[in-house]
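> The structure is given below, and queries will be raised subsequently.
The values are calculated or read from the model by the stated rules, or taken from the named source; none is laboratory data. Because the structure is predicted, anything quoted here is derived from the model rather than measured. Counting neighbours? That spans all protein chains shown, and the Cβs are built from the backbone with ideal geometry, glycine included.
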Amino acid sequence: MELRVATDQPWAVPADVLALPIAGVPVFDGPLGELDRRSGGELSALAAFGELSAKRYGATLAAAGELPAGRILAVGAGDADAIDRETVVHLGAAIVRRLAGRPVRRLAIWLEPLAGRLDGGAVAVAELLARGVVEGGYDPQQPYRAERDAAPPILDELVLVVPGAADTAAVSRAAARGQVMGEGANWARDLANRPANEATPQVLAEEARAVATRHDLFVDVIDEHRAAELGMGMFLAVGLGSDNPPRLIVIRSGAEGERDAAGRHLALVGKGVCFDSGGISLKPADKMEEMKMDKTGACTVIAAAATVARLAPGTPLLAVAPAVENMPGPHSARPGDVVRALNGRTVDIINTDAEGRLILGDALTYAERLGATHVVDVATLTGAVARAFGHLVSGAFGSPQAWYDEFAAAAARAGERVWQLPLEEDYFPEMESWYADMVNTGGAEAGLIKSALFLRRFVTVPWVHLDIAGTATFRKATPYAAKGATGVSHATLVELALAGAR
Ligand code: BES
Ligand code: MN
Ligand code: ZN
């Protein structure tokens, strides 16, 4: 998809479709009035008919009259005061999804109604819209079926219409950045959507190697033998029940331990459970098929490392992705088994379905051994976060607060919603074990907080834990996203890493 910035008025821009964001109740004066006139009064007539409104992500196709565009797509941006960065990403996605199955090659979007709503104006809007258009173009549909429904159009050209823009170079640079961000998220979605019979730990490792080769990054894949020599008892315990052996994937840009411009050696750690049956603490059959997406954190950190390498090559960054399959079998860890973690702590595995924290704990320790000074882990860790926040908001923990705040600022730049939860240490005594230093789950009460308290035992540097169990996949399509993997947190991680770019 080529990007172009047009400084003409929207009524002078040729395209297959010209998209007009509608913020608040449409008033047909100024440029919108001119567009209405040139469309032969089509827009105001549709508005009077109740067909055209600002309803968020609602989109109406209209005839273009004498405009050089083939058609107009009026797309609701909601209440003008409520427009934020996330809205703009989703608008871009909703526009392209609304055009599914239509012969559109050149799409123009008028930025003006949005530009005044964001800090950064047209430059910020261009980036987020371009990202949204790329993300909205992602539609895996039914990958294993011959017939497909109409897919979003594959665009030859996206025209960003910014009348009278002074700095078109800045606008196109921003749009190009957004496009790369969107492509990275889509790559993570592709990997996350693959079923467990195709995406084993070894396959994730091979994908990571391919990414590393493509972007000239260091890669190391630790197999079960090396993991045993190193003493990764928690990581290994989870993979015992499967014939597909575990792999701990490490990707790095820059030298070992190298500090970025912000003085950090940032590590992104992602949960890579290729299938989570629960193990001996077997899950119920209902919805168990969804547990093929339990590797999304791993897919996301690998994709984020690739995106950072594309946008700011050489930026020091570490990605660590422990990949396993959690299965019942003759070699599985049993409830009550006691293992020794890489950091020396002993853990009484009372529930083999609380496996994410086991593999992440050793991966966090290993990231620190590799020189990480700041860590973010991303995981589909608990059903509790999905019950509490649903599919739109991720739950997050962090310490110290200053590091959490930097993470939250990156999420805000990325237009992603996170909500901080407390690391309430007074709950930790409920996770003490008579046999070992701790158990791996401490009862249902405050289970979400306890999951983070467990992870905290394996980090000594500034750390954030992001639980994406609710947000990683959509059970049904929305106006702005296909069903399945959402790519959530990819943009946040990239923004956080790029804060250290030179
Ligand atoms: N992978 C699951 C969490 C999950 C649930 C992800 C729903 C996506 C959707 C995780 O490994 C798990 O099984 N968590 C348990 C923890 C419990 C045993 C302490 C849970 O949340 O029930
Ligand atoms: Mn589990
Ligand atoms: Zn899991």
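> Filter the stretch 391-404 down to the residues that are farther than 22 Å from Ala472 by Cα and either part of a helix (DSSP H, G or I) or within 16 Å of ligand 3 (Cβ to nearest atom) (or both) and list them by number.
Matches in the stretch 391-404: Gln401, Ala402, Trp403.
> Do any residues in the stretch 279-295 that are of a type in the set (D, E, K, R) have Cβ atoms under 6 Å from those of residues that are part of a loop (DSSP other than H, G, I, E, B) and more than 11 Å from ligand 1 (Cβ to nearest atom), where the two are at least six apart or on different chains, and which pairs are they?
Between residues of the stretch 279-295 that are of a type in the set (D, E, K, R) and residues that are part of a loop (DSSP other than H, G, I, E, B) and more than 11 Å from ligand 1 (Cβ to nearest atom), the close pairs are Lys292/Pro195; Lys292/Ala196.
> Okay, moving on. For the stretch 249-267, check the following and say yes or no: at least one residue is crowded, with 20+ Cβ neighbours inside 10 Å, within 26 Å of Leu496 (Cβ to Cβ), within 16 Å of ligand 3 (Cβ to nearest atom) and in contact (Cβ under 8 Å) with a residue 60 or more places away in the chain.
no
> Within the stretch 354-386, count every residue that is closer than 11 Å to Asp467 by Cβ and either surrounded by fewer than 24 Cβ atoms within 10 Å (Cβ to Cβ) or away from ligand 3 (no atom under 14 Å from the Cβ) (or both).
The qualifying residues number 4.
> Next question. Going by what's in this entry, would Ala446 be described as in contact with a helix residue (DSSP H, G or I) (Cβ under 7 Å, 6 or more places away or on another chain) and surrounded by fewer than 19 Cβ atoms within 10 Å (Cβ to Cβ)?
Here the answer is yes, as Ala446 does meet what is asked.
> Scan the stretch 406-460 for residues that are assigned to a helix (DSSP H, G or I), under 25 Å from Ala372 (Cβ atoms) and hydroxyl-bearing (Ser, Thr, Tyr) and report the count.
1
> Something else: Enumerate the helices (runs of 4 or more DSSP H) found wholly within the stretch 156-248, keeping only those where 3 or more residues are farther than 21 Å from His331 by Cβ and not assigned by TED's automatic domain parsing to the domain that holds Thr473.
168-193
> Scan the stretch 281-301 for residues that are out of contact with any Leu (no Cβ under 8 Å at 6 or more places or on another chain), among the aliphatic types (A, V, I, L, M) and within 14 Å of ligand 3 (Cβ to nearest atom) and report the count.
4
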